[in-house]
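No lab work stands behind these numbers, since they all come straight from the coordinates. Since this is a predicted model, take the numbers as computed values, not measurements. Every residue, glycine among them, receives a Cβ derived from its backbone with ideal geometry; neighbour counts consider all protein chains shown.
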Amino acid sequence: MKIENHLLAGEKIDFKKSPNKSGKFKSGLPDTIVIHYTAGSSRESSVNTLTSPGSKASAHIVIGRDGKITQLVPFDTIAWHAGNSSYKGRVGLNNYSIGIEIDNAGILKKSGNSYTAWFGRVYNEADVMEGIHRNRNTPNYWHRFTEWQIEICKEICQLLIDKYGIKTIVGHEEISPIRKIDPGPAFPLDKFREQIFESARDTDSEEEPVHKTTGEVAATSLNIRVAPDTEAEKAAQPLPKGTKVEILEESDGWVKVRTQIDGWVFAKHIK
Ligand SMILES: [Zn+2]
């Protein structure tokens, strides 16, 4: 999977253009991803709603439970998924963010042993979890996401981070906490973003060049000082010939070395 011309490209990805969009993002944007659930009965029904002019709603992509993804708006264009929203001093998050909708029935009502969605479909216990929403105090029943949905969503977020420099991933429930409860506690949002940004940081640090070289004291006895200066205090007893050192940095004929301690020695006496 990759992003080409602001569209996801790969297997089982299709594009169905939504008229519900504004212009292009301003430069430096988008820098945020907003995660939603559709509260719908299928990917197709949600795609139909989000591409019909009357709904005045859209998203960039919809991740189905059927292993398929539909993109509705290119990633460089503003979609209409967040509505009235605010986060960290910004209002109207549509102008800053990519919207990812995940096919999920949302909150369910329990009666006896069955769990019913607002649109009437009944779900098995295996597809249901009980959890307390971050904006509430008492538990409710929620439609589970499939493992594939969470994994593919993570992959897509990683692609978007690489391509657009996304800095923040939030749930709709965090930017519109009075109106919205998606994606809800069935989506492991805190762990999800922690893992994504941790792995992004690991990749960054791997890219930094590591200059790690070693050497050996060539003089019979070599003074080691706290600074690269013959007037500087000695850091320890002189290093005997043959002492193995790690070279940390260089400055004007001196090198900073590490043995049991760190200190500066004349570069010419290290081979
Ligand atoms: Zn939403």
Counting only residues 5 or more apart in sequence or on a different chain, those whose built amide H sits under 5 Å from that of residue 248 are 256, 257, 258
Based only on Cα atoms, what Rg/Rh ratio does the stretch 208-268 have, Rh being taken as Kirkwood's radius? 0.95
More than 12 angstrom apart: percent of Cα pairs within the stretch 148-191: 66 percent
Put one equal scatterer on each alpha carbon of the chain, apply the Debye formula with no solvent term, and list log10 I(q)/I(0) at q = 0.12, 0.16 1/Å to two decimals. -0.72, -1.15
Residue-span extension gain [residue 48 to residue 252] - 0.36 nm each, minus C-alpha spacing: 66.5 nm
For residue 271, counting only lysines whose alpha-carbon sits under 22 Å away and dropping same-chain residues fewer than eight positions off, the answer is 212, 234, 241, 244, 256
Using Cα positions and a limit of under 27 Å, work out the lysines in reach of residue 16, with same-chain residues fewer than 8 apart set aside. 2, 24, 26, 56, 68, 154, 163, 180
Using the Karplus curve 6.51 cos²θ - 1.76 cosθ + 1.60 with θ = phi - 60°, what ³J(HN,Hα) values do you get for each residue of the stretch 23-40, in whole Hz, with x for Gly and Pro? x, 6, 5, 5, 5, x, 10, x, 10, 9, 10, 10, 9, 10, 10, 7, 6, x
Going by how many other beta carbons lie within 10 Å of each one, how would you line up 6, 60, fewest first? 6, 60
FRET efficiency for residue 68 and residue 216, using Cβ-Cβ distance with R0 set to 45 Å, rounded to 0.05: 0.15
Pairs of alpha carbons in the stretch 127-271 whose separation is greater than 24 Å (percent): 58 percent
Normalise the Debye intensity by I(0) for the stretch 82-174, one equal point scatterer per Cα, no solvent, then take log10 at q = 0.22 Å⁻¹ and round to two decimals. -1.18
Hey, what number do you get for the chain at 222 nm if only DSSP H runs of n ≥ 4 count, each worth -39500 (n - 2.57), divided across all residues, to the nearest 500? -6000 deg cm²/dmol
Among 188, 9, 129, whose Cα sits farthest toward the positive end of the charge dipole of the chain (+1 at Cβ of Lys/Arg, -1 at Cβ of Asp/Glu, about the Cα centre)? 129
Calculate the FRET efficiency for residue 113 and residue 195 from the Cβ-Cβ distance with a Förster distance of 25 Å, rounded to the nearest 0.05. 0.15
Net dipole in debye of the chain [+1 Lys, Arg Cβ; -1 Asp, Glu Cβ; about Cα centre; nearest 20]: 880 debye
Full-stretch length increase - residue 13, residue 227 - with 0.36 nm per residue and alpha-carbon distance subtracted: 71.0 nm
Cross-link reach from residue 88 to aspartates and glutamates, straight Cα distance under 20 Å and at least 8 residues apart if same chain, gives 31, 173, 174, 182, 190, 194
Express in nm, to one decimal, how much length is gained between residue 84 and residue 241 on full extension, taking 0.36 nm for each residue of separation and deducting their alpha carbon distance. 49.3 nm
Footprinting proxy, 266, 145: sorted fewest to most Cβ within 10 Å, the residues are 266, 145
Starting with the fewest neighbours, write out 161, 13, 169 ranked by other beta-carbon atoms found within 10 Å of each beta-carbon. 13, 161, 169
